[in-house]
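A quick write-up on the structure given underneath.
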Amino acid sequence: MQSHPFTDLPLAARFLANLATLGYHQMTPIQAESLPAVLEGRDLIAQAKTGSGKTAAFGIGILHRLNPAWFAVQGLVLCPTRELADQVANELRRLARGVGNVKILTLTGGVSMRPQIASLEHGAHIVVGTPGRIRDHLGRATLDLSKVQTLVLDEADRMTDMGFYDEIAGIVSATPRQRQTLLFSATYPDDIRFATAGFLRDPLEIAVESRHDATRIDQRFYEIGFEGRDEAVARLLKHYSPVSALAFCNTKARCRELADELRAQGFSALALYGELEQQERDEILVLFANRSCSVLVATDVAARGLDIADLDTVINVDVSKDPEVHVHRIGRTGRAGGAGMAHTLCAPNEKKWVRLIEEYQDAPATWDELEALGEHPEAGAPAPMMTLSIAGGKKHKLRPGDLLGALTGDAGLTKEQVGKINVFEFNSYVALDRRVARQAVERLSAGDAPAPDFGAIKGRYFKMRFIEV
Ligand code: ADP
Ligand code: MG
């Protein structure tokens, strides 16, 4: 493989040093192809799959042009959903450590306008948001986009799928003509090409190989009718016992049905679909990432674009009719050099879709027998961790270290028994080793807690409860 170190780019020494501390040494293919042109100020249309490093490709571009001493919105990133906006903002914050004091603000729906307006009054260098909410701020004249130098449309195909075209066009017209526009999309069909042509000026077009690297993903197909699919999924999970598996179903109803069935069999399974409340979605993703939920059953729309690390297995409960969707689904596993497995259940009349997949990936499908999956235990295994939800967060000056301190101190856990800690504005989540979680938390609520469901952290009592999966 050809090497493309970041040091090849005309970036400041301090910026390069920060990339190195983030563990970014070599550019990913999309970064290597786009960054030289992006740094020169060219417009760009880039097509690449999830997990290919698109955020840094545009993030480095925005930060390169940004003047931290100038208090104006110089960079604007539009994303389809709040989770994606949060992910992008977090990645930009990490990258911005190499620049200085850069204020990055997310503006998305699902939260009230007031605090957003207050933050805007304090000034922001970069705004990351969803089209609807950005449009609302423009309508109220609480956001000034007239100084934007770099405009990014992230996951453009999904934003247009979601019907955001008019909002996007309105937002684009509120930015200066003399700007750089970078468009990223997992797919690039003609309707998007047509819709966005007017936003871009002589763009460089690149497409990074979207076919998965067959050597990293062990892909198997199983013939089975529509009946008995839940049983088949359970069988696969029992046989391979993955730490984290993502199962795709075509509808919300199927997602819920399968998740319920898997839970009944002893697995820690949750369903993720479009109509969930934002807070429920956030919570589900926290539980999946911290290993309190080991099987996430999702629709394509709900799972798209999410950066889920360490996913070892993807299960397609239905075959996708679109081979590109299939490849995106299975591309969630086998990331970052790790090995992954992808299982696809297929009814006899779905075989035509498998033939399309074979053509698309230019490799024959490997068929396995479900019955041949050796001995398996009667019950599924629950996830190794359990999540404690605490009604205290950044606003209460709680930091991850405080939670870790309380759990390894007063509650008597070892560091290894405490998993991922997420501290949000008003609440926090901590993953604990399931075997010792309850007794540890009982120790926190010993003493003079105001009620049994309160526990002490740093000498203060917070309401806390376990989230049952
Ligand atoms: P995409 O937007 O294409 O789906 P992301 O930008 O979210 O992908 O990147 C996926 C993951 O890869 C992130 O966790 C990110 O921190 C990491 N990453 C990106 N670029 C590099 C790099 N050059 N070296 C190492 N890790 C990287
Ligand atoms: Mg992305």
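So the values come out like this:
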| item | result |
| --- | --- |
| Within the range 47-77, tally of residues that are at pLDDT 95 or above and open to solvent by less than 20 Å² (accessible area, probe 1.4 Å) | 15 |
| Helices (runs of 4 or more DSSP H) (entirely within the range 214-294) containing at least 3 residues that are closer than 30 Å to ASP362 by Cβ | 229-240 |
| Residue list for the range 122-157, restricted to those being surrounded by fewer than 20 Cβ atoms within 10 Å (Cβ to Cβ) and within 18 Å of GLY274 (Cα to Cα) | GLY132 |
| Residue within the range 244-253 that is in contact with a helix residue (DSSP H, G or I) (Cβ under 8 Å, 6 or more places away or on another chain), surrounded by 15 or more Cβ atoms within 10 Å (Cβ to Cβ) and of a type in the set (Ser, Thr, Tyr) present | yes |
| ALA89 under 23 Å from the mean Cα position of the chain (by Cα), without any contact (Cβ under 8 Å) to a residue 40 or more places away in the chain and within 15 Å of ligand 1 (Cβ to nearest atom) | yes |
| In the range 428-444, the residues that are in contact with an Asp or Glu (Cβ under 8 Å, 6 or more places away or on another chain) and either more than 21 Å from GLN278 (Cα to Cα) or outside the structural domain of ASP402 (by TED's automatic domain parsing) (or both) | ASP433, ARG443, LEU444 |
| Selection within the range 98-115 - under 22 Å from GLY59 (Cα atoms) and of a type in the set (S, T, N, Q) | ASN101, THR106, THR108 |
| In the range 376-402, the residues that are within 23 Å of ARG435 (Cα to Cα), without any contact (Cβ under 8 Å) to a residue 60 or more places away in the chain and under 22 Å from the mean Cα position of the chain (by Cα) | PRO400 |
| Residue ID - most open to solvent (accessible area, probe 1.4 Å), chosen from residues in the range 290-319 that are within 16 Å of ligand 2 (Cβ to nearest atom) and of a type in the set (Gly, Ala, Ser) | ALA309 |
| Subset tally (residues that are closer than 30 Å to LEU276 by Cα and either near ligand 2 (Cβ under 10 Å from one of its atoms) or among the charged types (D, E, K, R) (or both)) for the range 60-76 | 0 |
| Lone unmet requirement of (1) within 30 Å of HIS239 (Cβ to Cβ); (2) crowded, with 18+ Cβ neighbours inside 10 Å; (3) among the acidic types (Asp, Glu) for ASP402 | (1) |
| Subset tally (residues that are within 15 Å of ligand 1 (Cβ to nearest atom), part of a loop (DSSP other than H, G, I, E, B) and either not assigned by TED's automatic domain parsing to the domain that holds VAL102 or not hydroxyl-bearing (Ser, Thr, Tyr) (or both)) for the range 44-69 | 4 |
| Unique match (being buried (at least 21 other Cβ atoms within 10 Å of the Cβ), in the same structural domain as ASP310 (by TED's automatic domain parsing) and over 25 Å from the mean Cα position of the chain (by Cα)) among ALA234, ALA271, ALA264 | ALA234 |
| Among (1) under 21 Å from THR187 (Cβ atoms); (2) touching a residue at least 40 places away in the same chain (Cβ under 8 Å); (3) within 13 Å of ligand 1 (Cβ to nearest atom) - the single one LEU16 does not satisfy | (1) |
| Helices (runs of 4 or more DSSP H) contained entirely in the range 93-208, each with at least 1 residues that are closer than 23 Å to ALA48 by Cβ | 131-139, 156-161, 165-173, 190-196 |
| In the range 19-43, residue surrounded by the most Cβ atoms within 10 Å (Cβ to Cβ) [restricted to those that are within 16 Å of ligand 2 (Cβ to nearest atom), under 21 Å from the mean Cα position of the chain (by Cα) and not in a loop (DSSP other than H, G, I, E, B)] | GLN31 |
| Residue check for GLU40: without any contact (Cβ under 8 Å) to a residue 12 or more places away in the chain and away from ligand 1 (no atom under 12 Å from the Cβ) | yes |
| Verdict on ARG332 being within 15 Å of ligand 1 (Cβ to nearest atom), basic (Lys, Arg) and either part of a loop (DSSP other than H, G, I, E, B) or over 22 Å from PHE226 (Cβ atoms) (or both) | yes |
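Residues checked against (1) touching a helix residue (DSSP H, G or I) at 6+ places or on another chain (Cβ under 7 Å); (2) outside the structural domain of GLY266 (by TED's automatic domain parsing); (3) within 30 Å of GLU261 (Cβ to Cβ):
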residue: SER389; (1), (2), (3): no, yes, yes
residue: LYS397; (1), (2), (3): no, yes, no
residue: THR408; (1), (2), (3): yes, yes, no
residue: LYS415; (1), (2), (3): yes, yes, no
residue: VAL423; (1), (2), (3): yes, yes, no
residue: PHE426; (1), (2), (3): yes, yes, no
residue: ALA446; (1), (2), (3): no, yes, no
residue: ALA451; (1), (2), (3): no, yes, no
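The values are calculated or read from the model by the stated rules, or taken from the named source; none is laboratory data. Being a predicted model, the structure only gives us computed values, none of them experimental. Neighbour counts are summed over all protein chains in view; Cβ atoms, including those assigned to glycine, are modelled from backbone coordinates with ideal geometry. Side chains are part of the model used for accessible areas, which takes the heavy atoms of the whole protein and leaves out ligands, DNA and RNA. Shrake-Rupley method; radii C 1.70, N 1.55, O 1.52, S 1.80 Å.
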